[in-house]
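Down below is the structure, laid out as structure tokens.
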Amino acid sequence: MSDTYDLHASLGYQMSVTARLLERGFETRLKEIGLTRITWCILLAAGPQRLSQPSDIADFVGIDRTATSRALRQMETAGLIARIGGDKDKRTTFVGLTPDAEHKLEQASQHAQQNAGYFEDKLTKEESSMLRALLVKLRADEDDPLQRL
């Protein structure tokens with residue numbers, strides 16, 4: 001008889017539950033100001049990161065280009081971004097934030113800092129650094145998780 005897999009003791013389960021806990025309150029605050037996690041990430045990309053091309057934004061956010069294009073269209077309709085065609089190559093699109101988006105980005109960033117601070121305060125500086133390092137280590141060389149199965 002094989003050993004039964006202990007779901008609650010597994011690393012994946014513990015990481016998933018913790019990630020959902022970290023995200024839940026923050027996503028509620030984002031919703032209150034009219035954003036989602038994806039739209040917030042796109043605003044971060046186009047704002048402080050100064051990424052203006054959709055392909056660069058997709059890479060930064062970690063979503064595919066189709067999802068990025070869809071989100072950009074919705075954000076443009078909502079008045080959060082302005083898309084401008086390139087002067088030399090009309091296929092090139094540049095993305096910029098509207099004043100409304102800048103205001104929402106500032107609000108969301110404050111919520112993100114508060115949320116992160118709440119959880120970071122549960123750890124010592126050493127524990128926080130160690131956790132980050134361990135998470136980076138777990139993700140190393142994991143471009144294709146199905147390859148190892």
May I ask you to give the percent of accessible area on segment 9-134 that is carbon plus sulfur, with a probe radius of 1.4 Å? 53
Using the Cα gyration tensor of segment 1-87, with a ≥ b ≥ c the square roots of its eigenvalues, what is the shape: rounded (a/c below 1.5), prolate (a/b larger than b/c) or oblate (neither)? prolate
Quick one: longest stretch of the chain between exposed loop trypsin sites (Lys or Arg not before Pro), exposed meaning at most 12 other C-beta atoms within 10 Å and loop per DSSP? 1-49
Run the numbers on the chain and let me know its relative contact order in percent, using alpha-carbon pairs under 8 Å that are six or more apart. 21
Protein chains only, probe 1.4 Å: how do Glu27, Glu102 rank by accessible area, largest first? Glu102, Glu27
What are the extents of the Cα atoms of segment 67-141 along their three principal axes, in Å, largest first? 50, 33, 19
One finds the C-alpha centres of segment 95-139 and segment 1-63 to be spaced, in Å, by 11
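The values are calculated or read from the model by the stated rules, or taken from the named source; none is laboratory data. Quantities reported herein were computed from a predicted structural model and do not represent experimental measurements. Neighbour counts are summed over all protein chains in view; Cβ atoms, including those assigned to glycine, are modelled from backbone coordinates with ideal geometry. To get the accessible areas, we keep the full protein, side chains included, count just its heavy atoms, and leave off ligands, DNA and RNA. Shrake-Rupley method; radii C 1.70, N 1.55, O 1.52, S 1.80 Å.
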